[in-house]
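Below is one structure, written out as structure tokens; comments come after it.
The values are calculated or read from the model by the stated rules, or taken from the named source; none is laboratory data. Being a predicted model, the structure only gives us computed values, none of them experimental. Heads up, the Cβs are rebuilt from the backbone with ideal geometry, glycines too, and the neighbour counts pull from every protein chain shown.
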């Protein structure tokens with residue numbers, strides 16, 4: 001196994017010395033594209049509580065990433081489509097707090 005490491009090290013030493021150019025890529029995340037606040041509200045689906053996040057403006061990929069992060073934070077199931085995220089269970093406070101911490105604007109509906 002050590003043989004391939006030596007081979008790679010010798011190839012690395014043969015490369016010409018040069019300036020490393022780091023490409024700076026500006027990321028436009030969804031929270032910067034979001035003009036309207038996200039609505040966080042409690043909804044009933046088949047008699048069970050569900051937290052609904054609506055009015056998401058951004059790509060489907062960003063929506064899925066945010067939905068996955070929220071599902072992991074809450075330890076619950078859910079889905080995302082058409083600018084809406086549904087998390088199974090009543091996680092209004094936890095979700096609203098997380099969204100505010102990450103820079104999103106939040107409009108709280110049906111909070112106590």
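Among the numbered conditions (1) at pLDDT below 90; (2) in contact with a helix residue (DSSP H, G or I) (Cβ under 9 Å, 6 or more places away or on another chain), the only one that residue 99 does not meet is (1). Here residue 56 clears all of (1) out of contact with any helix residue (DSSP H, G or I) (no Cβ under 9 Å at 6 or more places or on another chain); (2) in a loop (DSSP other than H, G, I, E, B); (3) surrounded by 14 or more Cβ atoms within 10 Å (Cβ to Cβ) except the condition numbered (1). How many residues are surrounded by 15 or more Cβ atoms within 10 Å (Cβ to Cβ) and out of contact with any strand residue (DSSP E or B) (no Cβ under 9 Å at 6 or more places or on another chain) if we restrict to region 75-98? Residues in region 75-98 being surrounded by 15 or more Cβ atoms within 10 Å (Cβ to Cβ) and out of contact with any strand residue (DSSP E or B) (no Cβ under 9 Å at 6 or more places or on another chain): 1 in total.
Here is a yes/no grid of residues against (1) exposed (fewer than 10 other Cβ atoms within 10 Å of the Cβ); (2) within 30 Å of residue 97 (Cβ to Cβ); (3) at pLDDT 75 or above; (4) in contact with a strand residue (DSSP E or B) (Cβ under 6 Å, 6 or more places away or on another chain):
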| position | (1), (2), (3), (4) |
| --- | --- |
| 13 | yes, no, yes, no |
| 19 | yes, no, no, no |
| 26 | yes, yes, no, no |
| 29 | no, yes, no, no |
| 41 | no, yes, yes, yes |
| 48 | no, yes, yes, no |
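Could we say that residue 34 is surrounded by 14 or more Cβ atoms within 10 Å (Cβ to Cβ), over 18 Å from residue 91 (Cα atoms) and modelled with pLDDT of 60 or more here? Yes, satisfied. Does residue 72 count as under 26 Å from residue 110 (Cα atoms), surrounded by fewer than 10 Cβ atoms within 10 Å (Cβ to Cβ) and at pLDDT 80 or above? Yes; evaluated as a whole, the condition is true for this residue. Scanning region 62-93 for residues that are part of a helix (DSSP H, G or I) and closer than 18 Å to residue 48 by Cα yields 71, 74, 92, 93. Picking from residues in region 94-112 that are outside any helix (DSSP H, G or I) and within 14 Å of the chain's Cα centre (by Cα), the one that is farthest from residue 36 (Cα to Cα) is 102.
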